[in-house]
Structures are given as structure tokens and as C-alpha cells.
Amino acid sequence: MKLNWLLLFIPIGVGLSLLQVNPIIVFIASSLAIIPLANLMGDATEELGRSLGPAKSGLLNSTMGTVPDIIIGFFALQHGLIEMVKASITGALIGNLLFGLGLSVLAGGLKTKKELTFDRNSIHLYSGLLLLAAIGLIIPATFEHTVESDIEISVIISIVLISMYLIGVFFTLTENIIEPNYLLPIEPHSAENKGHFKINPLIMLVLVGIGLAVMSEIMTDSIGPTASSLGFTPLFAGIFLLAPVGMVSELINSVRFARQNQLDISLAITMGSSTQIALLVAPLLVFIGLVIGQPMDLLFSKFEVIAIILSVVTVNHILHLGSVQWVSGPKLIAIYIILGVAFYNIPA
């Protein structure tokens, strides 16, 4: 599906922000502008990595794929939206695992009219790393701490999580695991966009990065008033407003490959993205918070931890046989909706 037409929302979003119109409208416009920018970053990275070989190219794609989430998180932290940033991490995890994978299984099963199969080995490392991340979130949420000790514990856990991510990267590169990639999501851009760029991909990355920074600043500036106007708590807004912005491009690609009966790639996209959010983006945002003077920590609410654990366990259970029926898709989506209802009714 072509997303570049959404680039029209860049000048629209900037104009609406300068005119100080309703923040809900500004939020919608800026969010729609970020979607194609994130997709273009993936395209440019794919083009840049063509000469590096499959493993190194996968590493480059994987790393650059986190940049939009980090940029959005950075500007949200600058606005002091710490709880909303933490909620967006939860939202990205459960959104990819439940809604993203659920919609992919449903669409793929209905299109192919048969059971979807995949290599069980391809999800083992994902599952283990996601479980590790869940454990990393359980420990801080189990105890009551001072703010200072919360930060100290979060920094230590962040170092452990990033270390495990780097170990996974090393394993991927040294074992030459390419098809499907165990840790690094396969970026599905090359099949449709080969030869897409008329300018140097490095220049494209710089331009897209600037665009992401501008639109992220506008979006995070409007999300607080938007959440208040809609009666959303920061927790609900982070999970169901902020997090989905970075998921749309991945969701489209995941569904597309599932409809082609390539569930291995859909799993690489959904579970791989969740792995990156947990092991790379969240720890980096902790360190960014320290640098800019915002006390970002990994002390998630107990219900957020429960939601993440339920998501990880549910997905592992559904996928443990190496095949899945389309009816499992609505089950995952139903759990996502149930969690959404619960998060909506949690008091501020």
C-alpha cells in the first residue's frame, strides 16, 4: 500500500500548528505525517544497506527502524510526558503482539483459506528476549522505592537489556541467520521499492530525520491537550494514541506478508519490533531522560506489567505448534480490546 501521499500532511500539520487550531486536529495531521516518514526511513535504509550483505543490512535496517520511536519519545520526554512515554512502550509491545499479529493471522488465514505455517525456531529467540524484558519490568514494579532508587534500578536494568540486545545482534551476525532473521525484523521494502530513490539515500535519511523531528515536536506538543479534551488519562493516551503512530507502517507490511502466506516474515515484523522496543528503545529513553533532566524510569504500573506478560504468554501459547488457524487472529484482537477497555477505566 502506497503511503507517500500522506506526506501532504507535513505542510498541513505545520500550518495547523502555527495557526494554533484545535489540538485534536493538529495531533491527527501530525500523526498522519509521521507514518510515511517512518516508511521512507525504512526504504532509504534498505537502499543504503544493499551493498552490506544480508546480515549487516538487516542490522542496519533494524537499528534505523527504531529511530522514529526514539525521536517521538525524545520530544515527548522534553514535554515532560514521562508517564505517557512509558505507556507508549507498553502500547507498542501489546499492540504489535496482539493487534498487529492478530490482524495479520486473520487477514492471512481468510486470504489463503488454509492453515498458516511457520518455522517454530524463528520465534524461540524472540520469545526468550520478550520474556526477559517482561522480567525486567516486573522487578521494579514489585517494590516501593524512592524516585532516586527507581532511576538507579532502571539504569541497571537498561544496561542489562541493551547488553542482551547486543548479544542477540552478535548471535545473528556470527551465526549467519538470515532467513528468517531471528532477532532483526526483515524490512519488507525492497520487494516493492527497488530503485525507488532518485537521490542519495544518505541525503534522504537526513531529510526524513529532520521531518520526523519537526512533526514529532508538533505531535507531542498537541497530544497532552488532545488527551485532556477527549477525557483520556496519560496511561490510555500513551498506549492507544502515541504508540499506534509508530505501528501503522509495520502493521501494513505484516498484514501484506501474511496474506502472501509468509507468516515467518509477519512474525519477524511484529515480534521483532516488540523485541526492539523492549530491549533497545526503552533503555535508550531512560538514558536520554537522564541527559535532558527528565527522570524517565522503567517503573511501570502493575496493570501494564500484567498486560505485557499476558501478551507474551498468549502469543507464545498460540504459536507453540508451528501453525495457526485464522480464528486465532480474532482471539488476539479480542484480548487487545479487553485490555483497552480496562486501561480506559483505570483512574488517572
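The values are calculated or read from the model by the stated rules, or taken from the named source; none is laboratory data. Treat the numbers as computed from the prediction; the structure is a model and nothing was measured. Cβ placement follows ideal geometry from the backbone for every residue including glycine, while neighbour counts extend to all protein chains displayed.
Could you grab me the full set of residues in region 1-24 that are small (Gly, Ala, Ser) and crowded, with 18+ Cβ neighbours inside 10 Å?
Those that are small (Gly, Ala, Ser) and crowded, with 18+ Cβ neighbours inside 10 Å: 13, 17.
Kindly check whether there is at least one residue in region 139-158 that is over 28 Å from residue 82 (Cβ atoms), in a helix (DSSP H, G or I) and at pLDDT 75 or above.
no
Checking residue 290 against (1) out of contact with any Ser or Thr (no Cβ under 6 Å at 6 or more places or on another chain); (2) closer than 17 Å to residue 68 by Cα; (3) at pLDDT 85 or above, which test does it fail?
The failed condition is (2).
Take region 280-331 and flag every residue that is of a type in the set (S, T, N, Q) and surrounded by 16 or more Cβ atoms within 10 Å (Cβ to Cβ).
If the condition is that a residue be of a type in the set (S, T, N, Q) and surrounded by 16 or more Cβ atoms within 10 Å (Cβ to Cβ), then 294, 301, 311, 314, 316, 328 are the ones that fit.
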